[in-house]
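The values are calculated or read from the model by the stated rules, or taken from the named source; none is laboratory data. Just so we're clear, the structure is a prediction, and the values are computed from it rather than from any experiment. As a convention, Cβ positions derive from the backbone with ideal geometry for all residues, glycine included, and neighbour counts pool all protein chains shown.
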Amino acid sequence: MLRIRCRQSRPVSPPVVQLKHLRNLIEEEHFTMPEMVQELICQPGGLSQVPSRFVQPVEERPQLTGSLEHAQAGIPIIDMKGVAAADAQRREHVVAEIARACEQWGFFQVINHGVAPSLMEGFRDVACEFFSLSQQEKEEYAVEPGMCVGYGRFYEASDGVANWADNLILFSYGDEHKLANPCMPAKPERFREIVDKYGRSVFELFILLMELVSVGMGLEPDAIAKQANINRGTGGAAIRTDLNLYPPCPQPDLVLGSAPHADRSILTVLQQNQVSGLEVFKDGNWVRVPPIKNAFVINLGDQMQIMTNGTYQSVLHRAVTNHAVERYSFANFLVPADETCIQPIGELLSASSPPLYRAVSFGEYTGGNSYLFKPLEGKRRIDAFLVSA
Ligand SMILES: O=C(O)CCC(=O)C(=O)O
Ligand SMILES: [Fe+2]
């Protein structure tokens, strides 16, 4: 595993000024330099206490031992081997397993999913190499005003509690897939090439997953993709990829790497390194998702909950940190074009099963990505789109 290099801290350094844009976007009244966590922990003499802006209120703090007790509670692990081939029996079996996982968990892991292990490893390597660049080099790709991609601290809440995480956000597939975007790192050397390959391969997995979920609901294989207007290469659908770095934390029981949230995507496909930290809220407990090498963690996003008219739910999850070693996660979010209208699939509706959610364009749903910079109004945005709301 690549280690993060600590650089000398730089009390005043011109490149950091670029991060001022972040602050403009979050409209803080008082200017406080958003410092990357990676820099924070590299202070001379080390960091023994986390700054107060990272400290969660008591009720939100992770019960790290409690979470571990539930570690074996069993997020389903589904072997997708052979499912893309013409083996009807195998496909039926996997469809049933996915349907059960969607119903009971909203989360599952997949192995033998079709994305080559060497490509997953290549992606992990370039992502870790990016975070190992000097602060100055990384900040060449700092988020720009009005943009939702680049290097920064996207979920830094202006009046909430900050996540113990640094992020690099990019589009790895689709019309928005701008390899030429100035915020798309050109370093390390193979970064763009690997992101491009990875994005294409993960997109194929998304298509396959949507088919299997559709069939499991008794729908045509393309029902979900059609409803969300997801097509290969056209239509504005995209994969947004968040590269999350959670540096080791001196007080992991006080902070969260990622505060509880549900994803706003259709589906999320996440790769994590061999350090656990992802937790899913299930029956009142936080359940740890154990890392499995070259597996993907799949979860249903809010758009899936709307399209399935609530049959499947997007589930709250969070990331916790630890004091010993950095954790990485790379989350790919399948998102429709902003103008795509998301609504419950007609075939799932009847007189006894009326639409629970109103039709909403994805752009309206995300509110122009303002959620990247503002604290959540409650954890479940989806509730605002209930017909009864
Ligand atoms: O780090 C993780 O495992 C979770 C990240 C996550 O939930 C997200 O990026 O939406
Ligand atoms: Fe998430």
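Taking the options Ile224, Ile194, name whichever one is within 23 Å of Met147 (Cβ to Cβ), out of contact with any strand residue (DSSP E or B) (no Cβ under 7 Å at 6 or more places or on another chain) and aliphatic (A, V, I, L, M).
Numbers: Ile224 fails: within 23 Å of Met147 (Cβ to Cβ).
The conditions single out Ile194.
Residues in the stretch 309-333 that are within 13 Å of ligand 2 (Cβ to nearest atom) and out of contact with any Gly (no Cβ under 6 Å at 6 or more places or on another chain): Leu316, His317, Arg318, Ser329, Phe330, Ala331, Asn332, Phe333. Pairs linking a residue in the stretch 258-284 that is under 27 Å from Gln343 (Cα atoms) to a residue that is within 9 Å of ligand 2 (Cβ to nearest atom) and basic (Lys, Arg), with Cβ atoms under 8 Å and 6 or more positions apart or on different chains, are Pro260/Arg318; His261/Arg318; Phe281/Arg318.
Residue by residue through the stretch 11-50, note down the ones that are modelled with pLDDT of 60 or more and closer than 23 Å to Leu243 by Cβ.
Pro34, Glu35, Met36, Val37, Gln38, Glu39, Leu40, Ile41, Cys42, Leu47, Val50
If you go through the stretch 290-316 and keep only what is within 24 Å of Phe130 (Cβ to Cβ) and within 11 Å of ligand 1 (Cβ to nearest atom), you end up with Pro291, Val297.
Selection of the stretch 265-289 for residues being within 9 Å of ligand 1 (Cβ to nearest atom) and not polar (S, T, N, Q) yields Leu270, Gly277, Leu278, Glu279, Val289. Quick check, is Ile292 in contact with a strand residue (DSSP E or B) (Cβ under 9 Å, 6 or more places away or on another chain) and surrounded by 24 or more Cβ atoms within 10 Å (Cβ to Cβ)? It is false that Ile292 is in contact with a strand residue (DSSP E or B) (Cβ under 9 Å, 6 or more places away or on another chain) and surrounded by 24 or more Cβ atoms within 10 Å (Cβ to Cβ). The residue of the stretch 324-342 that is farthest from ligand 1 (Cβ to nearest atom), among those that are at pLDDT 95 or above and either surrounded by fewer than 17 Cβ atoms within 10 Å (Cβ to Cβ) or among the charged types (D, E, K, R) (or both), is Cys341.
Among the residues of the stretch 250-262, those that are within 8 Å of ligand 2 (Cβ to nearest atom) and crowded, with 23+ Cβ neighbours inside 10 Å comprise Ser258, Ala262. Consider the stretch 200-223. How many of its residues are over 15 Å from Gln303 (Cβ atoms), among the small types (Gly, Ala, Ser) and crowded, with 18+ Cβ neighbours inside 10 Å? Number of matching residues: 2.
For the stretch 301-308, check the following and say yes or no: at least one residue is within 16 Å of the chain's Cα centre (by Cα), within 14 Å of ligand 2 (Cβ to nearest atom) and either on the phi > 0 side of the Ramachandran plot or in a strand (DSSP E or B) (or both). If you could, list the steps in order and put the result at the bottom.
Taking the stretch 301-308 first, the residues within 16 Å of the chain's Cα centre (by Cα) are 301-304.
Add one more test, that the residue is within 14 Å of ligand 2 (Cβ to nearest atom), and what stays is 301-304.
Then drop every residue that is not either on the phi > 0 side of the Ramachandran plot or in a strand (DSSP E or B) (or both), which leaves none.
No, the conditions are met nowhere in the stretch 301-308.
Quick check on the stretch 92-119: of everything there that is hydrophobic (A, V, I, L, M, F, W, C) and assigned to a strand (DSSP E or B), which residue is surrounded by the most Cβ atoms within 10 Å (Cβ to Cβ)? Break it down stepwise before answering.
Here is the first cut: in the stretch 92-119, the ones hydrophobic (A, V, I, L, M, F, W, C) are 94-96, 98-99, 101-102, 105, 107-108, 110-111, 115-116, 119.
Now restrict to residues that are assigned to a strand (DSSP E or B): 107-108, 110-111.
Values: Phe107: 24, Phe108: 22, Val110: 26, Ile111: 14.
Residue satisfying both the conditions and the ranking: Val110.
Considering the stretch 130-176, and only residues there that are touching a Cys at 6+ places or on another chain (Cβ under 6 Å) and outside any strand (DSSP E or B), the residue that is modelled with the lowest pLDDT turns out to be Val149. Would you confirm whether or not the stretch 108-123 contains a residue that is within 19 Å of His323 (Cα to Cα), under 22 Å from the mean Cα position of the chain (by Cα) and not charged (D, E, K, R)? No: the stretch 108-123 contains no residue that is within 19 Å of His323 (Cα to Cα), under 22 Å from the mean Cα position of the chain (by Cα) and not charged (D, E, K, R). Using the structure shown, decide if Pro355 is part of a loop (DSSP other than H, G, I, E, B), modelled with pLDDT of 95 or more and crowded, with 23+ Cβ neighbours inside 10 Å. Judged against the criteria, Pro355 is not a match. Phe206 fulfils the conditions (1) within 14 Å of ligand 1 (Cβ to nearest atom); (2) out of contact with any helix residue (DSSP H, G or I) (no Cβ under 6 Å at 6 or more places or on another chain); (3) not small (Gly, Ala, Ser) except for a single criterion, (1).
Going by the structure shown, is Arg318 surrounded by fewer than 22 Cβ atoms within 10 Å (Cβ to Cβ) and closer than 28 Å to Val50 by Cβ? Spell out the reasoning first.
Numbers: surrounded by fewer than 22 Cβ atoms within 10 Å (Cβ to Cβ): yes; closer than 28 Å to Val50 by Cβ: yes.
Spelling it out, Arg318 is indeed surrounded by fewer than 22 Cβ atoms within 10 Å (Cβ to Cβ) and closer than 28 Å to Val50 by Cβ.
Selection of the stretch 316-337 for residues being touching a strand residue (DSSP E or B) at 6+ places or on another chain (Cβ under 6 Å), within 16 Å of Ile266 (Cα to Cα) and assigned to a loop (DSSP other than H, G, I, E, B) yields only Leu316.
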